[in-house]
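Data block below; observations after.
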Amino acid sequence: MNLILCVDFGSTYTKLTAIDKDSETIIATAKSFTTIEDNIMNGFNKAKAELETKLPKKDINWVAKLGCSSAAGGLKMCVIGNVPELTTDAAKKAALGAGARILKAYHFEQTEDDIKEMLDLNADMILLAGGTDGGNETYITANAKLLAKCKFPKPIVIAGNKSCQKQIGEILKKAGCKYYITENIMPQLNALNVEPARETIRKVFMEHIIDAKGLHEAINLVQNEIIPTPLSVLNAAHALATGSDTEEGIGELVIVDIGGATTDVHSIAKGLPSKGDVSYKGMEEPFDKRTVEGDLGMRYSAKALLEAVTTKRLQKYLNELGLKMENEQV
Amino acid sequence: MATKKATNKKQKTVVIGVIGADVHVVGNKIIERTLQQEGINVVNIGVLSSQQDFINAAIESGADGILVSSLYGHGELDCQGMRGKMIEAGLKNTPLMVGGNIVVGKQDTKEVMKKFKDMGFDEVFMPGEQIFDVLPVILKRIGM
């Protein structure tokens with residue numbers, strides 16, 4: 001039996017799934033608490049032992065092992081751009097598409113207090129953007145100088161105006177900051193180019209963040225690399241929608257991933273209007289898009305969900321179901 | 001080599017578009033082509049553009065000038081307060097120009113020009129003025 005092992009090192013649980021490659025079916029699943037404090041492998045081994053009890057006793061051939069992680073808060077980022085609706089928005093889209101949780105988005109010129117805030121928020125990485133190619137250099141340069149002045153200790157991904165990227169790199173290099181230069185996320189006005197930035201973020205996550213989060217042992221376990229969990233969901237959604245060389249995809253789709261703390265919405269679609277007489281305004285949307293509702297979830301954020309729904313509407317819904325509940329019970 | 005590089009003039013960038021609820025696109029395209037032929041990097045934000053759209057585009061593209069078009073008569077309303085917004089956005093010194101049928105009906109040219117200049121526009125192009133005719137004025141304004 002040729003099996004694929006999928007591992008998700010979650011913030012609470014480490015989840016394992018065994019998939020039969022030949023019949024393309026899920027054979028078994030198991031989970032155990034994520035043990036990030038001592039050794040991530042303890043939780044994994046416990047879940048693996050449980051998984052094995054559900055599998056046939058012989059002829060098991062693990063052909064592939066794949067992993068993703070949102071342990072220790074996943075990938076936490078701050079993004080900096082110029083105009084909120086333009087490069088800052090593009091930076092948010094790039095970071096979300098790379099599977100990051102955006103702690104805060106900053107625009108225009110920052111102050112030392114802002115940099116301090118980024119450190120207090122404990123961002124794993126910064127995405128620094130601003131300006132179209134050949135366009136504005138003022139803000140991105142000023143922000144880079146400030147990061148250099150504060151000797152910013154976390155990796156910085158530079159994805160702004162290409163005319164000044166090199167110069168910004170030099171500024172950060174002199175200060176001893178870790179930086180990565182990638183293509184501009186908005187090379188022309190309203191034109192989005194998030195792929196190179198997403199790829200660079202993934203690389204930096206692999207090189208720096210995984211280790212810092214105590215996941216280094218988990219790396220040896222999997223075949224390729226461990227990616228942020230939201231990115232693996234987005235990749236899966238993309239595969240489902242577009243198919244492969246040998247198999248047709250099911251077409252444009254939306255996946256709603258309701259988690260304990262947040263709700264992720266992944267859409268794989270051009271999202272074009274169905275009528276021709278529509279004038280396009282503003283920023284392009286990426287084909288693979290992820291957005292996050294940061295305070296709506298099933299467990300930690302259940303209270304925020306109730307506040308959004310309001311008790312009145314919940315009562316109405318329960319009535320429709322034929323259920324009755326007093327306000328105190330709600 | 002460094003000195004040669006320093007003398008290389010950076011390509012000029014101009015943001016153009018049609019302001020307000022105006023969808024007249026033909027003139028907009030003619031302006032785009034004309035300026036491009038002069039070697040200008042034209043950032044065309046198209047029709048139905050708000051003041052903020054012009055300003056945002058000018059910031060990100062590091063524009064050397066903004067050229068606002070209006071044909072449907074409501075230009076006066078649409079352009080009010082634009083310079084103020086530009087000052088807020090740090091574009092105090094960016095040349096701001098407007099052209100087209102910028103007011104309702106036929107009004108005295110001198111008065112219209114004064115009105116728009118008071119609103120902070122550096123150049124005002126009246127109905128009947130062709131882009132080809134006013135091109136030298138535009139080029140001078142953006143430092144070409």
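Pairs from the table (A:104/A:316; A:166/A:281; A:104/A:178; B:117/B:140; A:162/B:114; A:145/B:140) lying more than 29 angstrom apart at Cα are A:104/A:316; A:166/A:281; A:162/B:114; A:145/B:140.
What is the set of long-range amide H partners of residue A:178 at a cut-off below 5 Å, with H atoms built 1.01 Å from backbone N? Excluding prolines and chain starts, which carry no amide H, the hits are A:156. Looking at region A:252-315, the pairs of alpha carbons with a distance over 14 Å make up 67% of the total. Computed on chain A, with alpha-carbon pairs under 8 angstrom and 6+ residues apart, the relative contact order is 14 percent. Taking A:138, A:246, A:14 as the candidate residues, the one with maximal mean-square fluctuation in a Gaussian network model of chain A, Cα springs under 10 Å, is A:246. Within region A:241-330, the chymotrypsin sites (Phe, Trp or Tyr not before Pro) that combine a DSSP coil assignment with at most 11 other C-beta atoms in a 10 angstrom radius are A:280.
Shown here: the protein assembly as shown, whose C-alpha atoms stretch 92, 69, 50 Å along the first, second and third principal axes, sorted largest to smallest.
Counting only DSSP beta bridges whose two residues both lie in chain A, roughly 50 percent are antiparallel. The alpha carbon gyration tensor of region A:105-244 gives principal lengths a ≥ b ≥ c with a/c of 1.5 or higher and a/b no greater than b/c, which makes the shape oblate.
Dipole size of region A:88-163 about its Cα centre, with +1 on Lys/Arg Cβ and -1 on Asp/Glu Cβ: approximately 220 debye, rounded to the nearest 20.
Taking the protein heavy atoms of region A:1-103 in the context of the full set of protein chains, the accessible area attributed to carbon and sulfur is 52 percent at 1.4 Å.
Direction-averaged projected area, Cα convex hull, region A:1-120: 9.8 nm², rounded to one decimal. Straight-line cross-link reach from residue A:57 at under 17 Å between alpha-carbon atoms covers these lysines, not counting any fewer than eight positions away in the same chain: A:48. With the helix formula -39500 (n - 2.57) applied to DSSP H stretches of n ≥ 4, the protein assembly as shown reaches a computed 222 nm mean residue ellipticity of -10000 deg cm²/dmol.
Backbone amide hydrogens, once placed in the peptide plane, bring residue A:11 within less than 5 Å of A:70, excluding anything fewer than 5 places away on its chain.
Remark on region B:71-143: ratio of C-alpha radius of gyration to 2.2 N^0.38 Å is 1.10. Cα centroids of region A:206-222 and region A:120-186: 25 Å apart.
Here the accessible area of region A:109-159 is 48 percent carbon and sulfur, with a 1.4 angstrom probe and all protein chains present. Summing both sides, the accessible surface hidden between A and B at a 1.4 Å probe radius is close to 1100 Å². Taking all Cα pairs closer than 8 Å and separated by 6 or more residues, the relative contact order of region A:168-229 comes to 19 percent. Rounded to the nearest 20 debye, the dipole magnitude of the protein assembly as shown is 1000 debye, with +1 charges on Lys and Arg beta carbons, -1 on Asp and Glu beta carbons, and the Cα centre as origin. Backbone phi angles across region A:99-113, fed through the Karplus curve with coefficients 6.51, -1.76 and 1.60 (θ = phi - 60°), yield HN-Hα couplings of x, 8, 9, 8, 6, 6, 10, 10, 10, 6, 8, 9, 10, 4, 5 Hz in residue order; Gly and Pro are listed as x.
Accessible area per residue for the protein assembly as shown is 52 Å², calculated with a 1.4 Å probe on protein heavy atoms, without ligands, DNA or RNA. Entry note: region A:65-163 has Rg to Rh equal to 0.99, where both radii use alpha-carbon atoms and Rh is the Kirkwood radius.
Couplings for region B:17-33, taken from phi via the Karplus curve 6.51 cos²θ - 1.76 cosθ + 1.60 with θ = phi - 60°, read x, 10, 8, x, 8, 8, 10, 6, 9, 5, x, 4, 5, 5, 4, 4, 4 Hz in order; Gly and Pro are left as x.
Distances between placed amide hydrogens fall under 5 Å for residue A:243 paired with A:249, A:250, all partners being 5 or more residues away or on another chain.
Classify region A:224-330 as rounded, prolate or oblate from the Cα gyration tensor: take a ≥ b ≥ c as the square roots of its eigenvalues, call it rounded if a/c is under 1.5, otherwise prolate when a/b beats b/c and oblate if not. Here region A:224-330 falls in the prolate category. Remark: region A:136-152, residue by residue, has Karplus-estimated 3J(HN,Hα) of 4, 10, 4, 5, 4, 5, 4, 5, 5, 4, 5, 4, 5, 4, 7, 6, 4 Hz, where x stands for each Gly or Pro and the curve is 6.51 cos²θ - 1.76 cosθ + 1.60 at θ = phi - 60°. Judged by the ratio a/c of the largest to the smallest principal axis of the C-alpha gyration tensor, chain B counts as prolate, that ratio being 1.5 or greater while a/b is larger than b/c.
In region A:191-250, the portion of solvent-accessible area held by carbon and sulfur atoms comes to 48 percent [1.4 Å probe, whole percent, DNA, RNA and ligands not counted].
The values are calculated or read from the model by the stated rules, or taken from the named source; none is laboratory data. Values in this document were obtained by computation on a predicted structure and should not be read as measured data. Virtual Cβ from ideal backbone geometry, glycine too; neighbours counted across all protein chains shown. When the accessible area is computed, the model is the full protein with side chains, heavy atoms only, and any ligands, DNA or RNA have been set aside. Shrake-Rupley method; radii C 1.70, N 1.55, O 1.52, S 1.80 Å.
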